[in-house]
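Accompanying notes for the structure given below.
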Ligand code: ADP
């Protein structure tokens, strides 16, 4: 099928509508003006005849027609006849109009030579003298001569107007749809070049197409950010894996070539094992991420006693901690929530582990859980090294570590812990917040809507 553009469709619809509308309006005007004209013509005819009656009289037995008698006015012919039908005065365009039988007071039409004439007769009685007939004759369309000229003008002007309107309509449609063309060109361009930084240039405007272009641009923004994040994720993950692999290979080489004695071999194996654990931890986190993002692991939402779960995670973390830090809980009892136990445990573990990791020796950690304003609020605070304000928004990003050279911090991670926390919180319709002051400590707050 031939492609019909929207521009053409709009123009065709518009023009057809214009033609139909003009035809209806024209027909309506013709109908109304026709009946009005006929009505007015008849009115003018009877009025003139009735006025002329007053101008005829007998004087000394002699019929006298006054000077004010109007024989012709506005297409109306006025004739006077004797009782026997003999014409006394006046003129009509056709003889038939004079010979037509008289009918007192009747208005009727006769057609002569294709033209309709209206005839109006009045008999005037002058007893004892002879009666007189007065006849008025007018072409039905006599007064409409001007209107016919108007029709003709309209019939010529209308097609011109329609052509003009169609052309104008086409231009407006073309102009209005230009943004769509831009949108499709940009989308095509991005598709072909893969350059997600391109945007639809629309200029200022607030109509629906500008809104559509705006929505597309925002979508491109998000796609660009996501693609960028995906790219970074892959390169960061490869980078993180390369370090332990290099260390393992270096230890292997050293062990093969230089190790003398069991002790050195043992140390090499120990170092290799450490890097192995690190890799395994990273791979575990990466898998975790991918599964959560692709939702390949079904999230098991069930009604859980969050208070009990938080207490139990705190206890476990306290037991495995290697630092001398006091962990205290302030837990409102019996807070229930629809959640996945494994995910919530993992989220809290990550937060507490960070609090220990970035906390100071002999410091404190406080875990609180309470309900307020229809929300469940979980917080983990420490009095550790803190985070500089500039870094705060970035710590939730994957592989982001505040200062990769914070070598004083033992067992520094991969920068995935908080990203996982955020992802789990959002999966439970929660939000994450952080408040921190350098060298004073940090507080991580998770807020869930109460189900
Ligand atoms: P990592 O595994 O490196 O700890 P996270 O995603 O858990 O990764 O944390 C990201 C960064 O945020 C960390 O590198 C660390 O610098 C900072 N951070 C996280 N928790 C704390 C905390 N409690 N105190 C100070 N800094 C923190």
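List of remarks:
- The set of residues in segment 369-396 being within 8 Å of the ligand (Cβ to nearest atom) and in a loop (DSSP other than H, G, I, E, B) consists of 384, 385, 386, 387.
- Look at (1) touching a helix residue (DSSP H, G or I) at 6+ places or on another chain (Cβ under 8 Å); (2) not in a helix (DSSP H, G or I) and you find that residue 271 fails only one, number (2).
- Of everything in segment 319-342 that is outside any loop (DSSP other than H, G, I, E, B) and farther than 17 Å from residue 369 by Cα, the residue that is modelled with the highest pLDDT is 326.
- Residue in segment 170-177 that is closer than 24 Å to residue 10 by Cα and either touching a strand residue (DSSP E or B) at 6+ places or on another chain (Cβ under 9 Å) or surrounded by fewer than 11 Cβ atoms within 10 Å (Cβ to Cβ) (or both) present: yes
- Pair list, Cβ under 7 Å, 6 or more apart: segment 25-48 residue farther than 21 Å from residue 155 by Cα, other residue part of a helix (DSSP H, G or I): 40/143; 41/142; 41/143
- Residue 398 surrounded by fewer than 20 Cβ atoms within 10 Å (Cβ to Cβ) and more than 19 Å from residue 438 (Cα to Cα): no
- Positions within segment 189-227 being closer than 14 Å to residue 176 by Cβ and either modelled with pLDDT of 85 or more or in a helix (DSSP H, G or I) (or both), in sequence order: 208, 209, 210, 211, 212, 213
- For segment 288-322, the set of residues classified as surrounded by 15 or more Cβ atoms within 10 Å (Cβ to Cβ) and within 22 Å of residue 383 (Cα to Cα) consists of 310, 311, 313, 314, 317, 318, 321, listed by residue number.
- Within segment 413-432, the residues that satisfy the criterion of being outside any helix (DSSP H, G or I), on the phi < 0 side of the Ramachandran plot and away from the ligand (no atom under 13 Å from the Cβ) are 428, 430, 431.
- Residue match in segment 21-41 (condition: surrounded by 15 or more Cβ atoms within 10 Å (Cβ to Cβ), assigned to a helix (DSSP H, G or I) and either touching a strand residue (DSSP E or B) at 6+ places or on another chain (Cβ under 9 Å) or not assigned by TED's automatic domain parsing to the domain that holds residue 133 (or both)): yes
- Residue check for residue 361: more than 30 Å from residue 230 (Cα to Cα), modelled with pLDDT of 95 or more and either within 8 Å of the ligand (Cβ to nearest atom) or assigned by TED's automatic domain parsing to the domain that holds residue 315 (or both): no
- Subset of segment 323-335 that is under 22 Å from residue 448 (Cα atoms) and surrounded by 14 or more Cβ atoms within 10 Å (Cβ to Cβ) - its residue that is farthest from the chain's Cα centre (by Cα): 329
- The set of residues in segment 343-368 that are under 27 Å from residue 284 (Cα atoms), free of Cβ contacts under 8 Å to residues at least 40 places away in the same chain and assigned to a strand (DSSP E or B) is empty.
- Filter result for residue 445 (assigned by TED's automatic domain parsing to the domain that holds residue 321, more than 8 Å from the ligand (Cβ to nearest atom), crowded, with 19+ Cβ neighbours inside 10 Å and assigned to a strand (DSSP E or B)): no
- Conditions (1) more than 15 Å from residue 45 (Cβ to Cβ); (2) free of Cβ contacts under 8 Å to residues at least 40 places away in the same chain; (3) surrounded by 13 or more Cβ atoms within 10 Å (Cβ to Cβ); number of the one not met by residue 154: (2)
The values are calculated or read from the model by the stated rules, or taken from the named source; none is laboratory data. Every value quoted in this text rests on a predicted model; they were computed, and no experiment measured them. Cβ atoms come from the backbone with ideal geometry, glycine included; neighbour counts cover every protein chain shown.
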